[in-house]
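Only one structure is covered here, and it is reproduced in the block below.
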Amino acid sequence: MRWRDREWAGVKASAGPVAAVVGAVALAVVVGYQVGGSSGVRVVAIVVEAIALIRIRAALPPRRSARPRVVAPDVNAGFVRYRQLVALLRPAGASRVDFDRSVRPVLLRLYAQTLAARYGVTLSSRDRDRARTLMGDAAWLLDDSVGDVEESDAAPLDARQIELLTSRLEELSS
């Protein structure tokens, strides 16, 4: 057998199943037209398309799953108060009103305890200036007008602001 004959022999061998599929589709279109007119042809086209998509998907190799993301374990996760504080801080940046109602009182209480224990300063009016100096950028928490902001007027806190508040508290604690 010459080279050209071998090449055509492969085409002839694969032409049989293709011809059978084309014939089956043509027969289905004719029957669909006889049964339902143009609507029948549309139904046949949809069914043939679905079968073709299923066959193509079956011929594709399976998807490789993405490597699982490795998350470093949180060493403080066993402490109930820590978990409560983390759960409180997660939605803190969503809304300023949520922050003012849930997170701000907790942070003020933590600042008050830390300042009283470490520096002997209370958040009362007589020690307020000293507390503002020690708190630094977090001193705006002491403003009484902060909690009066309406939902529509309030800009939510970003993660950087929350990080500054908590990091200053950690600095004062150590």
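The values are calculated or read from the model by the stated rules, or taken from the named source; none is laboratory data. Here the structure is a predicted model, which means the values were calculated and not measured. Note that we place each Cβ from the backbone using ideal geometry, even for glycine, and neighbour counts take in every protein chain shown. Side chains are part of the model used for accessible areas, which takes the heavy atoms of the whole protein and leaves out ligands, DNA and RNA. Shrake-Rupley method; radii C 1.70, N 1.55, O 1.52, S 1.80 Å.
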On a full-extension model of 0.36 nm per residue, what is the gain between residue 122 and residue 170, subtracting their alpha-carbon distance, rounded to one decimal in nm?
15.5 nm
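With r defined as the distance between the Cβ atoms of residue 158 and residue 57 and R0 fixed at 45 Å, what FRET efficiency is calculated, to the nearest 0.05?
Between residue 158 and residue 57 the formula returns 0.55.
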Leaving out ligands, DNA and RNA, what percent of the accessible area of the stretch 44-112 is carbon and sulfur, probe 1.4 Å?
63
What ³J(HN,Hα) values, in whole Hz, does the Karplus curve 6.51 cos²θ - 1.76 cosθ + 1.60 give for the stretch 17-33 when θ = phi - 60°, with x put for Gly and Pro?
x, 5, 4, 5, 5, 4, x, 5, 5, 4, 4, 5, 5, 5, 5, x, 5
What ranking of 168, 57, 109, 90 comes out by heavy-atom accessible area, probe 1.4 Å, highest first?
90, 109, 57, 168
Descending accessible area (1.4 Å probe), largest on the left, turns 99, 79 into 79, 99
